[in-house]
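Below is one structure; the comments refer to it alone.
The values are calculated or read from the model by the stated rules, or taken from the named source; none is laboratory data. Just so we're clear, the structure is a prediction, and the values are computed from it rather than from any experiment. Here the Cβ positions follow ideal geometry from the backbone for every residue, glycine too, while neighbour counts run over all protein chains shown.
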Amino acid sequence: MKQNSDALPKIEALRRQLEEYNYQYYVLDAPTVPDSVYDTLFLQLQQLEQAYPQYLSANSPTQRVGGKAIKSFDSIQHRIPMLSIDNVFDAELLQGFARRILERLQLSDISYSCEPKLDGLAVSLHYEAGQLVRAGTRGDGITGEDITHNVRAISEIPLVLRTTKPPQSLEIRGEAYMSKAVFNQLNESARQKGQKAFANARNAAAGSLRQLDPRIMKERQLNFFPYAIAFISDDVALALSNSHYERLRLLKQWGFKVNSDSEQVMGIQACVQYYEHLLARRTALPYDSDGVVIKVDDIVLQTQLGMTARAPRWAVAYKFPAEEVTTQLLDIEWQVGRTGTLTPVARLEPVFVGGATVSNATLHNFDEIARKDIRIGGTVIVRRAGDVIPEIVAAVLPQRTQNTRVASLPTHCPVCHSLVYKVAGEVAIRCMAGLHCPAQRKEAIVHYVSRKAMDIEGLGDKLITQLVMQNILQSPADIYHLDLNTLANLDRMGVKSAENIVQAINASKKTTFDKFLYALGIREVGETTAKTLAQQFGSLDALYGASIEALMDLNDIGPVVAAQVHVFFSQEHNKEIIQAILAAGVHWPSVQQKTLQPLQGQTFVLTGTLETLSREEAKARLEALGAKVSSSVSKKTHGVIVGEAPGSKLDKAQELGVPILDEKEFLVLLNTKT
């Protein structure tokens, strides 16, 4: 291999110079040299790297062009879950968001960071010692796809941070997106070549990031805006500003292009004004935006507010009104979900709205149909709620004719013709047949075999429909009695496909307790809740005997979920199906059950100054025993711990009759529970 002691310094100097020019061009929008100068230096660097391949680096500017195509995407585990953000659609709901925050923090007002909500794809970037080492998609929030090879092709993402003292470890999260101009060019080119055009810029961006060949990704010219420092190592974290907005400004110094439309404001009314200003400019923005993301600006307050199982409490997306169009309502049909709920679906004269052609739209429930006075044959306003789910907003009354007709409430299930009933106190209408109804039976089995449940590959929707309609599958337990002959004789099936399915069925018998619980399709029980139940109870026998109160003691399980779980496991026909599944050989490793902590499920509030413990130490001691420490007093508070010079929380506790503990009683509680 060719050696030259002077080569490496030249290579490193060229890289620094090219990265500086990239920063000026892509981040500052202020290039200082013509393209010809950049191209000359770029060629010099390429030639040196070819002559001295031992000095080639994945983070060299020459590597942005893209390397070889990969065969598939690897999985990537997120160090911190990439959660969703809750949505609000009007100023009143936004005011409610702010009110809840101020009540929790016991503050009169706070500052917020306001940012355009880009319609792109969330991306996580990992840097080690200032070098980009890994990038991933959000995926399910816990596990994403490794897209490092494609992210390197985005010019607005620095491969090396512009700082002499980079953090040892850093995770940046942001939005990869395609500008309106590039999207229009891409679709025009596709149409000229007779190819299928993308429906919207978000789909184009997502499709680009999932290209196996990074050279195609490079041609798509994606952009990137960071929106958060998700993790930073202690060697730099202590010196950071506690302002989220100021941290974004720091990222600009480190080489990122930060959205210039972001603002730091005081009070929620200023957030509303920011929203209205951005909405007025929406069509003029160079990118697609479907709303505004509003975050508590103080990072310390963010930590105090914490998060729910799916979203942070300190942030919300204030969505823009969706694009709306009018069309004719041709008919209303009723669909039956896997839990038996009947949902009205509007059949529409096809219409283009929000980047897609829509022919069906949700009507939510019969009460909504009546409230909006929607009639079959009439003209209606259609929008894509949150720019995703088509829905009917209202009837266009001035265009109503005598040919329209009022929809009637169904009396029988459209699938099995069993009687339906309206749940007391709810708008839901449900089929009474349970697993006897093919619609419910089919959807329950489809859910059972899904990837995040029992993961039986090959047993898809159409195949399950055949098996249910032929009465071969009446419950998930029947899956384990399917044989090669039965499967091979189904429509569009052969012996090889049947063999693969039989193998997948047998492989699914080895699972985990939480996946099995999720697969059962208990109403309101998602993956997170299933994991909580598995960890806390450890076995089916324990769940069979769990009371509603015991279930509600678990974190993030309220009365509705607790009631659904309790009812499910108290019904004999559900136990029979579970026993049949277990008898067929389904099993899982024993669960390392979490020990129920002494103060599990209890909430305490601290007020005043303690002599023997600091506020942080007292909080840590309580949390170590399983308790939650809240900043506000309510009827659900188990105790208020009072020190010297207590505030209004003591008055609130006395008013509500909440138990009050002085410091001596508090220490006794800690010692007896430890």
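Is it true that some residue in the range 239-246 is over 30 Å from Val629 (Cβ atoms), assigned by TED's automatic domain parsing to the domain that holds Leu125 and among the aromatic types (Phe, Trp, Tyr)? Explain how you work it out, then say what you get.
Step one: list which residues in the range 239-246 are over 30 Å from Val629 (Cβ atoms), which gives none.
No, the range 239-246 contains no residue that is over 30 Å from Val629 (Cβ atoms), assigned by TED's automatic domain parsing to the domain that holds Leu125 and among the aromatic types (Phe, Trp, Tyr).
Restricting attention to the range 347-385, and to residues there that are hydroxyl-bearing (Ser, Thr, Tyr) and at pLDDT below 90, which single residue is surrounded by the fewest Cβ atoms within 10 Å (Cβ to Cβ)? Talk me through it step by step, then tell me what you get.
To start, the set of residues in the range 347-385 that are hydroxyl-bearing (Ser, Thr, Tyr) comprises 357, 359, 362, 379.
From the residues that got through so far, the ones that are at pLDDT below 90 too are 357, 362.
Details: Thr357: 9, Thr362: 16.
So the residue we want is Thr357.
When the range 152-206 is limited to residues that are in contact with a Lys or Arg (Cβ under 9 Å, 6 or more places away or on another chain) and assigned to a helix (DSSP H, G or I), the one that is farthest from Ala58 (Cα to Cα) turns out to be Ala190.
Scanning the range 618-674 for residues that are among the charged types (D, E, K, R) and closer than 20 Å to Met307 by Cα yields Lys619, Glu623, Lys628, Lys636. Which of the following residues is closer than 30 Å to Asn671 by Cβ and out of contact with any Phe, Trp or Tyr (no Cβ under 6 Å at 6 or more places or on another chain): Ser570, Ser614? After ruling out the rest, the residue left standing is Ser614.
Restricting attention to the range 391-405, the residues that are in a strand (DSSP E or B) and aliphatic (A, V, I, L, M) add up to 4. Among all positions in the range 264-277, there is at least one residue which is touching a helix residue (DSSP H, G or I) at 6+ places or on another chain (Cβ under 6 Å), among the polar types (S, T, N, Q) and farther than 30 Å from Ser189 by Cα. Consider the range 617-638 and keep the residues that are within 24 Å of Arg99 (Cα to Cα) and small (Gly, Ala, Ser). The one that is surrounded by the most Cβ atoms within 10 Å (Cβ to Cβ) is Ser630.
State whether one or more residues within the range 509-522 are touching a helix residue (DSSP H, G or I) at 6+ places or on another chain (Cβ under 8 Å), on the phi < 0 side of the Ramachandran plot and modelled with pLDDT under 90. Yes, because at least one residue in the range 509-522 is touching a helix residue (DSSP H, G or I) at 6+ places or on another chain (Cβ under 8 Å), on the phi < 0 side of the Ramachandran plot and modelled with pLDDT under 90.
Checking each residue of the range 83-93 against the condition of being loosely packed, with under 15 Cβ neighbours inside 10 Å, out of contact with any Cys (no Cβ under 8 Å at 6 or more places or on another chain), outside the structural domain of Leu251 (by TED's automatic domain parsing) and farther than 27 Å from Val292 by Cβ gives no match.
All told, His573 meets the bar of being surrounded by fewer than 15 Cβ atoms within 10 Å (Cβ to Cβ) and either acidic (Asp, Glu) or touching a residue at least 12 places away in the same chain (Cβ under 8 Å) (or both). Among the residues in the range 245-266, are any touching a residue at least 40 places away in the same chain (Cβ under 8 Å), part of a loop (DSSP other than H, G, I, E, B), closer than 30 Å to Gln399 by Cα and among the hydrophobic types (A, V, I, L, M, F, W, C)? No, the range 245-266 has no match at all.
Can you say whether Ala315 is modelled with pLDDT under 90 and either farther than 16 Å from Tyr177 by Cβ or touching a Leu at 6+ places or on another chain (Cβ under 8 Å) (or both), as far as the supplied structure shows? If you could, list the steps in order and put the result at the bottom.
Values: modelled with pLDDT under 90: no; either farther than 16 Å from Tyr177 by Cβ or touching a Leu at 6+ places or on another chain (Cβ under 8 Å) (or both): yes.
Spelling it out, it is not the case that Ala315 is modelled with pLDDT under 90 and either farther than 16 Å from Tyr177 by Cβ or touching a Leu at 6+ places or on another chain (Cβ under 8 Å) (or both).
All of (1) closer than 17 Å to Ile294 by Cβ; (2) outside the structural domain of Arg215 (by TED's automatic domain parsing) hold for Pro61 with one exception: (1).
From the list Ile332, Ile389, the one residue that fits, being outside the structural domain of Leu279 (by TED's automatic domain parsing) and touching a residue at least 60 places away in the same chain (Cβ under 8 Å), is Ile332.
Might you check whether a residue that is assigned to a helix (DSSP H, G or I) and crowded, with 17+ Cβ neighbours inside 10 Å occurs anywhere in the range 219-228?
yes
Determine whether the range 660-672 contains at least one residue that is part of a loop (DSSP other than H, G, I, E, B) and surrounded by 18 or more Cβ atoms within 10 Å (Cβ to Cβ). The answer is no, given that none of the residues of the range 660-672 is part of a loop (DSSP other than H, G, I, E, B) and surrounded by 18 or more Cβ atoms within 10 Å (Cβ to Cβ). I want to confirm something. Restricting to the range 115-142 and keeping residues that are assigned to a loop (DSSP other than H, G, I, E, B) and among the acidic types (Asp, Glu), which single residue is surrounded by the most Cβ atoms within 10 Å (Cβ to Cβ)? Ranking the candidates gives Asp119 first.
Grab the helices (runs of 4 or more DSSP H) fully contained in the range 428-502, keeping just those with 2 or more residues being surrounded by fewer than 18 Cβ atoms within 10 Å (Cβ to Cβ).
Numbers: elements: 438-449, 461-469, 484-488.
Filter on the range 428-502 gives 461-469, 484-488.
Could you list, in sequence order, the residues of the range 265-294 that are more than 27 Å from Phe183 (Cα to Cα) and surrounded by fewer than 18 Cβ atoms within 10 Å (Cβ to Cβ)? Matches in the range 265-294: Met266, Gly267, Gln269, Ala270, Gln273. Contact map, the range 147-174: residues that are on the phi > 0 side of the Ramachandran plot paired with residues that are part of a loop (DSSP other than H, G, I, E, B), Cβ distance under 9 Å, separation 6+ or inter-chain. No pairs are found. Restricting the range 552-570 to residues that are more than 16 Å from Lys636 (Cβ to Cβ) and not β-branched (Val, Ile, Thr) leaves a set whose member that is surrounded by the fewest Cβ atoms within 10 Å (Cβ to Cβ) is Ser570. So, Ala311, is that one in contact with a Ser or Thr (Cβ under 7 Å, 6 or more places away or on another chain), hydrophobic (A, V, I, L, M, F, W, C) and in contact (Cβ under 8 Å) with a residue 60 or more places away in the chain or not? Yes; evaluated as a whole, the condition is true for this residue.
Just one of the numbered conditions (1) over 30 Å from Leu159 (Cα atoms); (2) over 25 Å from the mean Cα position of the chain (by Cα); (3) not in a strand (DSSP E or B) is not true of Leu279: (2).
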